[in-house]
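What follows is a single structure, written as structure tokens, with notes after it.
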Amino acid sequence: MAAYVIGEVEITNAEAMKAYGPLIAVAVNKFGGRYLARGAKPEVLEGGPAHNMLIIEFDSAEVARQWYRSPEYAAAKAVRQGASNLRLVLVGSFVKDPNIAR
């Protein structure tokens, strides 16, 4: 079952982040990830201000965890740390509830 890594990032040092993009792309590609959104400033419908967002689809939650623990991601993470504030969450499945409005 597909799993999604959803991130929200506040870039604090744009110059330092220039090296991050190519590194993270290599890591995502190695694990078969697919960007559904990347670098998109979302439209806030409710709540406080939002930062740039990313959504990466992986074949499973386990593959997403392997990506996160990989040396390739560690290299990208080392570049990103200190140049941004990032929150990543893993959504492993969605509950199909007919009582939830679509």
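Taking the range 27-54 as the range and being surrounded by 15 or more Cβ atoms within 10 Å (Cβ to Cβ) and outside any strand (DSSP E or B) as the test, the residues that pass are ALA27, VAL28, PHE31, GLY33, HIS51. Here VAL79, VAL63, VAL9, VAL44 are screened, and the one residue that is among the hydrophobic types (A, V, I, L, M, F, W, C) and modelled with pLDDT of 95 or more is VAL63.
For the range 56-69, the criterion of a residue being under 15 Å from VAL89 (Cα atoms) and loosely packed, with under 14 Cβ neighbours inside 10 Å is satisfied by at least one position. Considering only residues in the range 3-26 that are open to solvent by less than 30 Å² (accessible area, probe 1.4 Å) and hydrophobic (A, V, I, L, M, F, W, C), the one that is nearest to ILE55 (Cα to Cα) turns out to be VAL5.
The values are calculated or read from the model by the stated rules, or taken from the named source; none is laboratory data. Predicted model only: the values in this text are computed from it and were never measured. Don't worry about glycine lacking a Cβ; one is built from the backbone with ideal geometry, like all the others, and counts go over all protein chains shown. When the accessible area is computed, the model is the full protein with side chains, heavy atoms only, and any ligands, DNA or RNA have been set aside. Shrake-Rupley method; radii C 1.70, N 1.55, O 1.52, S 1.80 Å.
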